[in-house]
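Here the structure comes first, spelled out in structure tokens, and everything after it is commentary.
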Amino acid sequence: MTSIISESADIHNAVHILKRSIFSKRSKDTTESSAPGWKLFGHVPPKSSGEKEAAQISQEYQAKLRASQLAPSHPKKQDVEVSSTTALILENRPMNLPSKDPEEAEKHRLQYEQMIECAKKKEQREFKLRKKQLQNQLRQEDQLAKSSRIWNNEILPNWETMRSSKKARDLWWYGLPPSVRGKVWRLALGNELNVTAELYKICIGRADEKIKLMQDSESVSSYDPSCDTPSNKEDSVSVIRLDVSRTFPHLCIFQKGGPYHDLLHSLLGAYATYRPDVGYVQGMSFIAGILLLNMEAADAFICFANLLNRPCQVTFFRMDEAMMTAYYKTFEEYFKENLPVLYDHFDKQNLTPDLYLIDWIFLLYSKSLPLDVVCRVWDVFWRDGEEFIFRTALGILRAYEKTLLSLDFIHIAQFLTKLPEDVTADFLFHNIEPIKMTIDKKKFSNILSTYKDNGES
Amino acid sequence: MSGKRKPDLKVIIMGDYAVGKTSLVCRYIEDKFIKHEPTIGAAFFLKQWGPYNVAVWDTAGDERYTGLSHFYCRNAGAAILAYDMSNPQTFESLWARFMPLLNSSTEKCLKIVVGTKMDLIPPEERDITLEEGRKLAHELNEGLDISKLACEPYFETSSKDGSHVSEVFECIFQYCLPLSGDQRSKFGLSTSTVDLYEKEPKRATAKKGCC
């Protein structure tokens, strides 16, 4: 299954191409009809008046244009692009009005030429930009196609030997092609828990039974607080129902009636029955949602279960406060090392990392960054493990360091819990790259374990 | 403008998941009613009130995040305890979950109980009466002198149609950040105080009208 994201991108491209061709056709039509004195502004002149001259001028212009356009490499295409300026035609005054003074007429002619020149330049500029964008897009598509070939033909068939090769790792950093993304995520994460598609089916069945049971009892006795205390994990069912439709509302695919509503609902319900000790925690719906966007439901469940079984996720989803503190302290150490000035500023403001890290760690940025950027972060998260969550955090802080240095406590908290919406993957990764994750040859795991031991003793 | 200044008051909003905490803040600050994603951790809002800066901390409702609340409550001047008027269980949560929390972390913190989603429940179907709500609000504020509070520490609101939303915040600000009459007029704030009692007869007549 290709991912939704790539599909929507394709549709977008198709629409774009369609639009382009429609527009260019239209402008070609205007060129043709502009020959017999058609004009864009002003009244249509009386039939006989000035038509000849107007036609002449426009023809002269066309000739000039054509001459100037012989030089560029795509004369035909450019002809289409620039032709719209010729729709603006200088005309002499109609016969029934006194004619212009020759000086004035000359002035107007010059103004007209300047206008046409400006418009032409602008159109050429825009054309160049469009061409560049198109080239960029084509180049990216080429790269994507090339990289998916390498993934499909070289890396995936020899996963165990290739996964840590320099070639794979380098390619990985620049983003997985959507066509192999789900596969690579699944392989990189592994399946320590040996969860199977069959188990998923069983869990869905059990969850459905429970929901039915609850609905029945709801209709019999309207409300019984004794069996429905907030601490009861069975309560998950109603939270799930609420949260599913609150997941990525702008995509409109997880909402009731949307194509992924039932899938997401089943996955979360199944997990709550698979791990009643964890149940459903708010925020899980976002993680499951991203997985579902990139792979089949059963695979998404397998990944979901294994992901939540990772040490960092276990720590946070179960609110193991001692371990959470160890993670924060480790993060602060890297913060101080990589961005000392900003670290001091935060320190002076008494702004502790838990304020902004919680959201990022729990949801793996799925609510904080645009969806395509989230997928890029997840790509490398599977490659590098939990340290990449913290490296990304430092990348974000580095990207906005200048802004953050000018803000106080509450504004920083506000900024970091609601990041600018225009952040691009290139911008973010450009800022993540210089973040070093070794301090005095000590790796993330070493530093974390010292804090872990300190917390325990 | 006032980017470098420390907030003069911290208001924290707590309550069960999906009772409409974020909607309440957004209605007050942005005067908008939109569907919100669940809050994880906390979200932060700022309000300029007269010469003062107010920070509003909107917290996550999921019970699993309760562990973080102690930290969020620290130095809060006022707490809004929100419950969903169409879901009595969320009222119980205020007793069970949040009262112990607030008692331990902040003594001098003003507590305001706020019922949300008033538009969703017809008056004759409500489980929690006005008296019960007020009773809880008064119990929560035991040990705090609320005689100078201009209104009852209990409100019933609808973020959808906006009713009584700004009154909640105005009431808190007036108590925690007293302004002189001069200051009020200087900053273009209304000088009248809000009283839920006064509104009561009005609503009763409205009730008659629609049934």
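Remarks
- Within the range A:407-446, being in contact (Cβ under 8 Å) with a residue 40 or more places away in the chain, within 14 Å of chain B (Cβ to nearest Cβ), hydrophobic (A, V, I, L, M, F, W, C) and touching a Lys or Arg at 6+ places or on another chain (Cβ under 9 Å) holds for one residue alone: A:Phe409.
- Of all residues in the range A:263-282, those that are within 29 Å of the chain's Cα centre (by Cα) and charged (D, E, K, R) total 0.
- Considering the conditions (1) assigned to a helix (DSSP H, G or I); (2) within 23 Å of the chain's Cα centre (by Cα), A:Glu104 is excluded by exactly one of them, (2).
- Residue identified as hydrophobic (A, V, I, L, M, F, W, C), within 11 Å of chain A (Cβ to nearest Cβ) and crowded, with 24+ Cβ neighbours inside 10 Å among B:Val11, B:Val56, B:Val25: B:Val56
- Hey, B:Ala43 at the interface with chain A (Cβ under 7 Å from one of its Cβ atoms) and under 26 Å from B:Ala96 (Cβ atoms) or not: yes
- Set A:Gly289, A:Gly269, A:Gly279: member being buried (at least 20 other Cβ atoms within 10 Å of the Cβ), within 13 Å of another protein chain (Cβ to nearest Cβ) and assigned to a helix (DSSP H, G or I): A:Gly289
- From A:Ser285, A:Ser217, A:Ser226, residue being under 25 Å from B:Ile34 (Cα atoms) and either small (Gly, Ala, Ser) or modelled with pLDDT of 95 or more (or both): A:Ser285
Per-residue answers, yes or no, for (1) farther than 26 Å from B:Ser69 by Cβ; (2) within 14 Å of chain A (Cβ to nearest Cβ):
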| residue | (1), (2) |
| --- | --- |
| B:Phe98 | no, yes |
| B:Val114 | no, no |
| B:Asp119 | yes, no |
| B:Pro122 | yes, no |
| B:Arg126 | yes, yes |
| B:Arg134 | no, no |
| B:Ile146 | no, no |
| B:Lys160 | yes, no |
| B:Ser163 | yes, no |
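- Taking every residue in the range A:145-165 that is hydrophobic (A, V, I, L, M, F, W, C) and pairing it with any residue that is part of a loop (DSSP other than H, G, I, E, B), at least 6 positions away or on another chain, the pairs with Cβ-Cβ distances below 8 Å are A:Ala145/A:Pro177; A:Trp151/A:Leu176; A:Trp151/A:Pro177; A:Ile155/A:Arg163; A:Ile155/A:Ser165.
- For the range A:303-319, filtering for residues that are in contact with a Gly (Cβ under 8 Å, 6 or more places away or on another chain), among the aliphatic types (A, V, I, L, M) and crowded, with 18+ Cβ neighbours inside 10 Å leaves 0.
- Leading residue by the ranking (farthest from B:Gly77 (Cα to Cα)) among those in the range B:1-16 that are modelled with pLDDT of 90 or more and more than 12 Å from the chain's Cα centre (by Cα): B:Asp16
- Flag for A:Ala305 being in contact (Cβ under 8 Å) with a residue 24 or more places away in the chain, over 29 Å from the mean Cα position of the chain (by Cα) and in a helix (DSSP H, G or I): no
- Any chance B:Lys32 is away from chain A (no Cβ under 14 Å), assigned to a loop (DSSP other than H, G, I, E, B) and surrounded by fewer than 16 Cβ atoms within 10 Å (Cβ to Cβ): yes
- Filter result for the condition that a residue is surrounded by 14 or more Cβ atoms within 10 Å (Cβ to Cβ), of a type in the set (Asp, Glu) and out of contact with any Ser or Thr (no Cβ under 7 Å at 6 or more places or on another chain), over A:Glu154, A:Glu113, A:Glu198: A:Glu154
- Sole residue being farther than 27 Å from A:Phe304 by Cα, hydrophobic (A, V, I, L, M, F, W, C) and in contact with a Leu (Cβ under 8 Å, 6 or more places away or on another chain), chosen from A:Ala119, A:Ala145: A:Ala119
- Taking the range A:351-406 as the range and being free of Cβ contacts under 8 Å to residues at least 40 places away in the same chain, buried (at least 21 other Cβ atoms within 10 Å of the Cβ) and away from chain B (no Cβ under 14 Å) as the test, the residues that pass are A:Phe381, A:Phe388, A:Ile396.
- Count - residues of the range B:100-112 that are more than 14 Å from chain A (Cβ to nearest Cβ) and either outside any loop (DSSP other than H, G, I, E, B) or touching a Leu at 6+ places or on another chain (Cβ under 6 Å) (or both): 7
- Pick from the range B:59-93, criterion aromatic (Phe, Trp, Tyr) and modelled with pLDDT under 90, ranking: surrounded by the fewest Cβ atoms within 10 Å (Cβ to Cβ): B:Phe71
- Residue check for B:Asn75: on the phi > 0 side of the Ramachandran plot and either assigned to a strand (DSSP E or B) or more than 10 Å from chain A (Cβ to nearest Cβ) (or both): yes
For (1) of a type in the set (D, E, K, R); (2) touching a Phe, Trp or Tyr at 6+ places or on another chain (Cβ under 9 Å); (3) under 21 Å from A:Asn294 (Cβ atoms), each residue gets a yes or a no:
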site: A:Lys132; (1), (2), (3): yes, no, no
site: A:Glu141; (1), (2), (3): yes, no, yes
site: A:Ser165; (1), (2), (3): no, no, no
site: A:Asp170; (1), (2), (3): yes, no, no
site: A:Arg181; (1), (2), (3): yes, yes, yes
site: A:Glu192; (1), (2), (3): yes, no, yes
site: A:Leu199; (1), (2), (3): no, yes, yes
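- Residues of the range B:59-71 that turn out to be of a type in the set (Ser, Thr, Tyr) and either more than 9 Å from every other protein chain (Cβ to nearest Cβ) or part of a strand (DSSP E or B) (or both), as a count: 2
- Extreme residue, nearest to B:Val56 (Cα to Cα), among residues of the range A:403-457 that are within 25 Å of the chain's Cα centre (by Cα) and among the hydroxyl-bearing types (Ser, Thr, Tyr): A:Thr417
This table checks each residue for (1) surrounded by fewer than 16 Cβ atoms within 10 Å (Cβ to Cβ); (2) at pLDDT 75 or above.
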residue: B:Glu132; (1), (2): yes, yes
residue: B:Leu149; (1), (2): no, yes
residue: B:Gln183; (1), (2): yes, yes
residue: B:Tyr197; (1), (2): yes, no
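- Boolean, B:Tyr83 is of a type in the set (Ser, Thr, Tyr) and in a strand (DSSP E or B): yes
- Taken across the range A:419-431, residues that are surrounded by 17 or more Cβ atoms within 10 Å (Cβ to Cβ), in a helix (DSSP H, G or I) and charged (D, E, K, R) do not occur at all.
The values are calculated or read from the model by the stated rules, or taken from the named source; none is laboratory data. Every value quoted in this text rests on a predicted model; they were computed, and no experiment measured them. So basically every Cβ, Gly included, is an ideal-geometry build from the backbone, and we count neighbours across all protein chains shown.
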